[in-house]
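Chemist: My questions will all concern the structure given below.
The values are calculated or read from the model by the stated rules, or taken from the named source; none is laboratory data. These numbers were taken from a predicted model, which means no experiment stands behind them. A quick note on method: Cβ atoms are made from the backbone with ideal geometry, for glycine too, and the neighbour counts reach across all protein chains shown.
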Amino acid sequence: MERRVIALGFFDGVHLGHAALLACVKARAAELGATPAVLTFDTHPSGVVRGDQVPLINSLEDRIDLIRGLHGIADVIVLSFDELCRAMSWDAFVEVLQGDYGAVHVVCGHNYYFGHRGEGNPARLREKCLALGLGVDVIDEVSIDGVPVSSTYIRGLVQAGEMAGARRFLGHPHMLSGPVCHGHKLGRTLGAPTVNLEIPTGVVVPARGVYATRVFLPDRPQRGYLAVTNVGLRPTVNREEPVTVESYILGFDGDLYGQKIRVEFYHYIRPEIKFDGIAALKAQIQQDVVDVKAYMHGIG
């Protein structure tokens, strides 16, 4: 069986606190000649146990992409938080890590709770690992200017449109990814053809408004195109209710329908506005382009 050093957690946002944990995993794996790995769940345990269906910062797919792409850990184990897992005792869970997944060392955060009713905690994890001959590291809280880095705090920043603050605590831009879906194709009549992205189910919706973003395309994964992205209802032209994520990609004109793109959010430019007509909207889009270029040039 493959020997693993396993990071434990849900990793919503894959923020700077998680980054400290993942760095420790890679360092321990190098020391022990083992494979660095992450073990996470398909759904948030609190949503199943307490019914708290809070929107998440990332979809499962985006969490995995961030762990692999930003932190270089390819081995991501995703467990289904079903009735069996939910009912498993905390000590049995640690035994499963060793017996089923080859754990030789585990790493968790200071506030990691696990097992039935969340009865497992870092102290109990240390005790059980010692009995099983496993190594363990518990990562201390990470703070910025006295504010603890947490998924809950970052979620609030995203919902408020505070993307610069979210980027500071995440250590990377907030992102959404998914397949391009069909819109009303009105952008072309405005001289600004756009792509539409559906917000994944259960993922937090950023504050409505216009953002400076970068859009990454499937055949150009390393090149981020500057974009003007509107999150909202498009009040001037749209009578429908669903919130859309609509991006005007600067310097690109092509058919992306059905292809997966990634949108990275950098800055809130302005709120949604209902204009008197298409001409006023077109003029504002041109101003948005100027504002996006100026902001992105300023941050390098």
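Chemist: Can you tell me which residues in region 245-284 are aromatic (Phe, Trp, Tyr) and either touching a helix residue (DSSP H, G or I) at 6+ places or on another chain (Cβ under 7 Å) or without any contact (Cβ under 8 Å) to a residue 60 or more places away in the chain (or both)? It would help to see each step written out before you state the result.
Modeler: Within region 245-284, the first condition is being aromatic (Phe, Trp, Tyr), and the residues that meet it are 248, 252, 257, 265-266, 268, 275.
TYR248, PHE252, PHE265, TYR266, TYR268, PHE275, listed by residue number.
Matching residues to (1) closer than 22 Å to ALA279 by Cα; (2) in contact with a strand residue (DSSP E or B) (Cβ under 8 Å, 6 or more places away or on another chain); (3) in contact (Cβ under 8 Å) with a residue 40 or more places away in the chain; (4) buried (at least 19 other Cβ atoms within 10 Å of the Cβ):
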{"residue": "VAL195", "(1), (2), (3), (4)": "yes, yes, yes, yes"}
{"residue": "GLU198", "(1), (2), (3), (4)": "no, yes, yes, no"}
{"residue": "ALA207", "(1), (2), (3), (4)": "no, yes, yes, no"}
{"residue": "THR213", "(1), (2), (3), (4)": "no, yes, yes, yes"}
{"residue": "PRO218", "(1), (2), (3), (4)": "no, yes, yes, no"}
{"residue": "ARG223", "(1), (2), (3), (4)": "no, yes, no, no"}
{"residue": "ALA227", "(1), (2), (3), (4)": "yes, yes, yes, yes"}
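Chemist: I'd like the residue in region 156-165 that is touching a strand residue (DSSP E or B) at 6+ places or on another chain (Cβ under 8 Å) and buried (at least 19 other Cβ atoms within 10 Å of the Cβ) and, out of all such residues, is farthest from VAL292 (Cα to Cα). Write out each step before concluding.
Modeler: Kept after step one, since they are touching a strand residue (DSSP E or B) at 6+ places or on another chain (Cβ under 8 Å), are these residues of region 156-165: 158, 161-164.
Narrowing further to those that are buried (at least 19 other Cβ atoms within 10 Å of the Cβ): 158, 161-163.
Working: VAL158: 18, GLY161: 15, GLU162: 16, MET163: 14 Å.
The residue in question is VAL158.
Chemist: Taking GLY202 as the residue in question, decide whether it is touching a residue at least 60 places away in the same chain (Cβ under 8 Å), under 19 Å from THR40 (Cα atoms), within 17 Å of the chain's Cα centre (by Cα) and not assigned by TED's automatic domain parsing to the domain that holds ASP42.
Modeler: It is true that GLY202 is touching a residue at least 60 places away in the same chain (Cβ under 8 Å), under 19 Å from THR40 (Cα atoms), within 17 Å of the chain's Cα centre (by Cα) and not assigned by TED's automatic domain parsing to the domain that holds ASP42.
Chemist: Show the residue pairs that are 6+ apart or on different chains and have beta-carbon atoms under 6 Å apart, the first residue being within region 18-34 and closer than 12 Å to ASP137 by Cβ, the second being assigned to a helix (DSSP H, G or I).
Modeler: Close Cβ pairs satisfying both conditions: LEU22/HIS71.
Chemist: If you take the residues of region 97-112 that are surrounded by 15 or more Cβ atoms within 10 Å (Cβ to Cβ) and out of contact with any Lys or Arg (no Cβ under 8 Å at 6 or more places or on another chain), which of them is nearest to ASP140 (Cα to Cα)? So that I can check it myself, show each step before the final result.
Modeler: Here is the first cut: in region 97-112, the ones surrounded by 15 or more Cβ atoms within 10 Å (Cβ to Cβ) are 97-98, 101-109, 112.
Imposing the further condition that a residue be out of contact with any Lys or Arg (no Cβ under 8 Å at 6 or more places or on another chain) reduces the set to 97-98, 106, 108-109, 112.
Details: LEU97: 22, GLN98: 24, VAL106: 15, CYS108: 9, GLY109: 7, TYR112: 11 Å.
Ranking the candidates gives GLY109 first.
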